[in-house]
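Here the structure is laid out as structure tokens; the discussion comes afterwards.
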Amino acid sequence: MDRIRVIGGNRLQGRINISGAKNAALPLMVASLLTDEPLELANVPHLADIASLTQILRQQGTTCSMSGHGSGADGRVLQLHTKKVTSTLAPYDLVRKMRASFLVAGPLLARCGEATVSLPGGCAIGTRPVDLHIKGLEAMGAAIELEDGYVHAKTKTGLKGARYVFPVVSVGATENLIMAAALAKGTTVLENAAREPEIVDLGHCLQAMGAQIDGLGTSTITIEGVTSLSGARHTVLPDRIETGTFLLAAAITGGAVDLVDTRADLVGALLPVLAAAGINVAETPHGLSVERNGARHLAVDVETEPYPGFPTDLQAQLMAFLATAEGTSRIKETIFENRFMHVPEMMRMGADIETDGQLATIHGVQRLKGAPVMATDLRASVSLILAGLGAEGETLVSRVYHLDRGFERIEEKLSAVGAQIERLKD
């Protein structure tokens, strides 16, 4: 099993190209099930999750091919064409690899009137049930049964528009229901819907395919169903989590880095946190620049929230940054119940962190020390790498297969700006 070796202490300097957003690319790929015409997606990241979802779509009859390389509108382009859905089954051996694969349920129901989808797997950061997906599809007329770990969904006369109020905000369920509603009969109104940029990106692609959608980026989304959708070409938006991660990497090392092909609005909740900690971030013609003012950064308090609040997917990385801040910081995690599993590993490196339920109190130390550590999930794995960048000595991060699900060529990108980092093949 691969490991990542980091020798800390190097100040990051240079330029990093930000990849397309994994969390946008995955639902966009699934949208190809809604049309019998080709869908082209540019700026698709090279990640394990992309490859896993490609396998699932091929199971449904989608032909998939990739061309080009790199990031941006002219980067890697994924061509998807589901001329005919050949199977409405998404089996356990494929779906178990990641939760986003459950998104095929809505499009398969909308186009074919049935779907049999395994309950999903993914990172061990909480239960993250799919009940909101199921209840929303039931509101649209689907008959759903759970049996032997599978969701069996059918509709005899097609999905019908409905009003559905999410009891809690859910990104995945919002995406699933938007796609299902695009081909439903009548008007669907989703209230308390998620507002993430990835959902807006999905909506813009669906609109280019002919969907009638209003309210993107707000908590009330209205979809007027159409009889069919066409193909389209769409560029995946920049990855805001990768953007935030590299901003924090530069800040941890006291570096000065330019991030290219990204936008400030995607990390709007992180920027004031960095400013309060003493980190300078500025917009440039090509993206963002980040630099620490030379002094030790300051402690801050943060609470994770649904967008536009502080993202839970940056919580672990922020904790690595705050571990060496001057003063005491507090992070309250309100999204997932098991997302402090990186804390014991950071404490192995000398971090002084106390947890009490959803609250972590971080007493900043002068410097972390390298140590062997183990990743428990995707964001935890990169947070330990960030901790290692600012630590004294060698850090060995094991179980980095999580990392390959969400960060494209991270060792190459960090090495290019001065980090001493390498992947060890076991």
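So if I check each of 167, 120, 129, which one is free of Cβ contacts under 8 Å to residues at least 12 places away in the same chain, under 29 Å from residue 333 (Cα atoms) and of a type outside the set (Asp, Glu)?
Working: 167 fails: free of Cβ contacts under 8 Å to residues at least 12 places away in the same chain; 120 fails: free of Cβ contacts under 8 Å to residues at least 12 places away in the same chain.
Testing whether each residue is free of Cβ contacts under 8 Å to residues at least 12 places away in the same chain, under 29 Å from residue 333 (Cα atoms) and of a type outside the set (Asp, Glu) leaves just 129.
Consider residue 208 carefully, then state whether it is among the hydrophobic types (A, V, I, L, M, F, W, C), touching a residue at least 40 places away in the same chain (Cβ under 8 Å) and over 30 Å from residue 316 (Cβ atoms). So that I can check it myself, show each step before the final result.
Details: among the hydrophobic types (A, V, I, L, M, F, W, C): yes; touching a residue at least 40 places away in the same chain (Cβ under 8 Å): no; over 30 Å from residue 316 (Cβ atoms): yes.
No; evaluated as a whole, the condition is false for this residue.
If you check 379, 348, 409, which single one turns out to be of a type outside the set (Phe, Trp, Tyr), farther than 19 Å from residue 12 by Cβ and within 19 Å of the chain's Cα centre (by Cα)?
Details: 348 fails: within 19 Å of the chain's Cα centre (by Cα); 409 fails: farther than 19 Å from residue 12 by Cβ.
The conditions single out 379.
Can you list the strands (runs of 3 or more DSSP E) lying wholly within region 261-306 that have 3 or more residues being free of Cβ contacts under 8 Å to residues at least 60 places away in the same chain and not hydrophobic (A, V, I, L, M, F, W, C)?
On the way: elements: 279-284, 287-292, 301-303.
It comes to 279-284, 287-292.
Please state which one of 291, 305 is more than 22 Å from residue 363 (Cβ to Cβ) and either within 20 Å of the chain's Cα centre (by Cα) or crowded, with 22+ Cβ neighbours inside 10 Å (or both).
Selected residue: 305, the only one of 291, 305 that is more than 22 Å from residue 363 (Cβ to Cβ) and either within 20 Å of the chain's Cα centre (by Cα) or crowded, with 22+ Cβ neighbours inside 10 Å (or both).
Kindly indicate whether residue 88 is without any contact (Cβ under 8 Å) to a residue 40 or more places away in the chain, among the β-branched types (Val, Ile, Thr) and out of contact with any Lys or Arg (no Cβ under 6 Å at 6 or more places or on another chain). Break it down stepwise before answering.
On the way: without any contact (Cβ under 8 Å) to a residue 40 or more places away in the chain: yes; among the β-branched types (Val, Ile, Thr): yes; out of contact with any Lys or Arg (no Cβ under 6 Å at 6 or more places or on another chain): yes.
Considered against the rule, which asks whether it is without any contact (Cβ under 8 Å) to a residue 40 or more places away in the chain, among the β-branched types (Val, Ile, Thr) and out of contact with any Lys or Arg (no Cβ under 6 Å at 6 or more places or on another chain), residue 88 comes out as yes.
Can you name the residue in region 151-199 that is assigned to a loop (DSSP other than H, G, I, E, B) and of a type in the set (Ser, Thr, Tyr) and is also nearest to residue 117 (Cα to Cα) among such residues? Walk me through it before giving the result.
Our first condition is that a residue be assigned to a loop (DSSP other than H, G, I, E, B); within region 151-199, this holds for 155-159, 161-162, 166-170, 183-184, 186, 192-196.
From what is left, the residues that are of a type in the set (Ser, Thr, Tyr) are 155, 157, 170.
On the way: 155: 15, 157: 20, 170: 19 Å.
The extreme case among them is 155.
Checking residue 183 against (1) farther than 30 Å from residue 265 by Cα; (2) in contact (Cβ under 8 Å) with a residue 12 or more places away in the chain; (3) surrounded by fewer than 22 Cβ atoms within 10 Å (Cβ to Cβ), only one condition comes out false. Which one?
(3)
Considering (1) part of a loop (DSSP other than H, G, I, E, B); (2) modelled with pLDDT of 95 or more; (3) crowded, with 21+ Cβ neighbours inside 10 Å, say which one residue 418 fails and leave the rest.
Status for residue 418: all satisfied but (3).
On the given criteria, is residue 341 under 24 Å from residue 396 (Cβ atoms) and touching a strand residue (DSSP E or B) at 6+ places or on another chain (Cβ under 9 Å)?
Values: under 24 Å from residue 396 (Cβ atoms): yes; touching a strand residue (DSSP E or B) at 6+ places or on another chain (Cβ under 9 Å): no.
For residue 341, the condition - under 24 Å from residue 396 (Cβ atoms) and touching a strand residue (DSSP E or B) at 6+ places or on another chain (Cβ under 9 Å) - is not met.
Of all residues in region 73-103 being at pLDDT 90 or above and of a type in the set (A, V, I, L, M, F, W, C), which is surrounded by the most Cβ atoms within 10 Å (Cβ to Cβ)?
Checking each candidate, the answer is 103.
Considering only residues that are of a type outside the set (Val, Ile, Thr) and modelled with pLDDT of 90 or more, which ones fall in region 104-130?
In the first step, residues of region 104-130 are kept if they are of a type outside the set (Val, Ile, Thr); the result is 105-115, 118-124, 126, 128-129.
Across region 104-130, the qualifying residues are 105, 106, 107, 108, 109, 110, 111, 112, 113, 114, 115, 118.
The values are calculated or read from the model by the stated rules, or taken from the named source; none is laboratory data. This one's a predicted model, so the numbers in the text were calculated from it and none came from an experiment. No Cβ is skipped: glycine too gets one built from the backbone with ideal geometry, and neighbour counts run over all protein chains shown.
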